[in-house]
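Shown next, in structure tokens, is the structure this report addresses.
None of the figures in this text is laboratory data; all of them are computed from the coordinates on show. Fair warning: this is a prediction, and the values are worked out from it, not measured in the lab. Positions of Cβ are generated from backbone atoms using ideal geometry, with glycine treated the same way; all protein chains shown enter the neighbour counts.
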Amino acid sequence: MAAVLIVDDSRTSRKMMRNMVEAAGFTVADEAVNGQEGIDKYKELKPDLVTMDITMPVLDGVESMKGILEFDPKAKVVMVTAVGQQNKVIQCIKDGAFDYITKPYEQAQVEKILHRALG
């Protein structure tokens, strides 16, 4: 079963994403609360996919995604964004992100992207 690492500084967002990942039939490898922890946990756990919030303390999601892709060019990183961050999302896709999910989360959108990435 595919494992997902959730990287988000918001406990509420992590919990909602965890519920949706599990409802979609995948397991949650772990959670990280900032971009640096996301890189560290990716290297340790090597999950099948990462959901990465863009706006976080310590290291933002853009730099964290780049760090993960430097370590593993085949990594699948799905950016998580609030409305209004379209320019950052477009840049992330160009830089290697697999796709993006917008907040507030919708189960159908999350499942579709997870299944496309991991199916």
Residue 26 being surrounded by 19 or more Cβ atoms within 10 Å (Cβ to Cβ), in contact (Cβ under 8 Å) with a residue 24 or more places away in the chain and aromatic (Phe, Trp, Tyr): yes
Please name all residue pairs, on different chains or six or more residues apart, with Cβ atoms under 8 Å, provided the first residue is in the stretch 30-47 and is surrounded by 22 or more Cβ atoms within 10 Å (Cβ to Cβ) and the second residue is among the polar types (S, T, N, Q). 35/64; 38/64; 39/64
In this structure, is residue 19 of a type in the set (S, T, N, Q) and closer than 20 Å to residue 118 by Cβ? yes
Could you check the stretch 102-119 and list, in sequence order, the residues that are out of contact with any helix residue (DSSP H, G or I) (no Cβ under 6 Å at 6 or more places or on another chain) and either exposed (fewer than 13 other Cβ atoms within 10 Å of the Cβ) or outside any helix (DSSP H, G or I) (or both)? 102, 103, 104, 106, 108, 116, 119
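Residue 56 - would you say it is crowded, with 19+ Cβ neighbours inside 10 Å and part of a loop (DSSP other than H, G, I, E, B)?
Numbers: crowded, with 19+ Cβ neighbours inside 10 Å: yes; part of a loop (DSSP other than H, G, I, E, B): yes.
Yes: the conditions hold for residue 56.
Looking at the stretch 59-100 only, could you name the residues that are in a strand (DSSP E or B) and buried (at least 21 other Cβ atoms within 10 Å of the Cβ)?
Initial filter on the stretch 59-100 (in a strand (DSSP E or B)): 77-81, 99-100.
Listed by number, the residues that qualify are 77, 78, 79, 80, 100.
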Residue 12 vs. criteria of a type in the set (Ser, Thr, Tyr), farther than 19 Å from residue 95 by Cβ and not in a loop (DSSP other than H, G, I, E, B): yes
